[in-house]
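**Student:** What follows is a structure written as structure tokens; I'll ask about it next.
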């Protein structure tokens, strides 16, 4: 996979658990309050497969792979609570996943196989980003402002997103969990 693309015959995709409403709006607002420029470009989510450049010709194979993966996994509950950070390694503040971690980890490993096989730069850690690459004081504010945040929801499907030239991530497919 080419991490610097995409080029004319490629697209950049990601696979995630989408955070449902009303929580998505709350998390987007939190990200916007700290001046994160991606607040309205990236829907709140738990990443299962990070940005991946895929040849356009492999999209049908990726679609089939994701359908098979989703069919093997059961719906599960997610509980988000509190904040944490990847600093100093990465300028990110996030809401923690405190329930549903194992289900996310199993999905991530299964997705990152076959046509989507790749090595990770960092160990997989399910989370929902609320501040990324903003000044330190904004990261501190996001950490403090959302420290008491809590949300619970059921995950019944996963989504594949395409990264557009405008920086926005758009849903291009959904796959029901049916295991």
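The values are calculated or read from the model by the stated rules, or taken from the named source; none is laboratory data. Since we're looking at a predicted model, the values are computed, not measured. Glycine also receives a Cβ, built like all others from the backbone with ideal geometry; neighbour counts cover every protein chain displayed.
**Student:** Can you find a residue in the range 146-168 that is out of contact with any helix residue (DSSP H, G or I) (no Cβ under 7 Å at 6 or more places or on another chain), surrounded by 14 or more Cβ atoms within 10 Å (Cβ to Cβ) and without any contact (Cβ under 8 Å) to a residue 24 or more places away in the chain?
**Tutor:** No, that holds for no residue.
**Student:** Further question: Among the residues of the range 123-166 satisfying the criterion of being more than 26 Å from residue 67 (Cα to Cα) and at pLDDT below 95, which is nearest to the chain's Cα centre (by Cα)?
**Tutor:** 133
**Student:** Can you tell me which of 98, 92 is within 20 Å of residue 135 (Cα to Cα) and touching a strand residue (DSSP E or B) at 6+ places or on another chain (Cβ under 6 Å)?
**Tutor:** Details: 98 fails: within 20 Å of residue 135 (Cα to Cα).
The unique qualifying residue is 92.
Per-residue answers, yes or no, for (1) touching a helix residue (DSSP H, G or I) at 6+ places or on another chain (Cβ under 8 Å); (2) part of a strand (DSSP E or B); (3) within 22 Å of residue 174 (Cβ to Cβ):
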{"site": "11", "(1), (2), (3)": "yes, yes, yes"}
{"site": "35", "(1), (2), (3)": "yes, no, no"}
{"site": "43", "(1), (2), (3)": "yes, no, yes"}
{"site": "46", "(1), (2), (3)": "yes, yes, yes"}
{"site": "51", "(1), (2), (3)": "no, yes, yes"}
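**Student:** Further, regarding this structure: Here's a check for you: in the range 167-177, which residue that is assigned to a loop (DSSP other than H, G, I, E, B) and over 14 Å from residue 65 (Cα atoms) is modelled with the lowest pLDDT? If you could, list the steps in order and put the result at the bottom.
**Tutor:** First, the residues of the range 167-177 that are assigned to a loop (DSSP other than H, G, I, E, B): 167-168, 177.
Remaining after also requiring over 14 Å from residue 65 (Cα atoms): 167-168.
Working: 167: 91, 168: 95.
This residue is 167.
**Student:** So, one more: Does residue 134 meet the test of being in a loop (DSSP other than H, G, I, E, B) and surrounded by 12 or more Cβ atoms within 10 Å (Cβ to Cβ)? Steps first, answer last, please.
**Tutor:** Details: in a loop (DSSP other than H, G, I, E, B): yes; surrounded by 12 or more Cβ atoms within 10 Å (Cβ to Cβ): yes.
Judged against the criteria, residue 134 is a match.
**Student:** Could you please tell me which pairs satisfy a Cβ distance under 7 Å, a separation of 6+ or placement on different chains, a first residue in the range 13-34 that is without any contact (Cβ under 8 Å) to a residue 12 or more places away in the chain, and a second residue that is outside any strand (DSSP E or B)?
**Tutor:** Note: pairs meeting the criteria are 32/39; 32/40.
**Student:** Between 115, 109, which is farther than 18 Å from residue 37 by Cβ, modelled with pLDDT under 95, over 13 Å from the mean Cα position of the chain (by Cα) and assigned to a helix (DSSP H, G or I)?
**Tutor:** Numbers: 109 fails: modelled with pLDDT under 95.
None of the others qualify; the one that does is 115.
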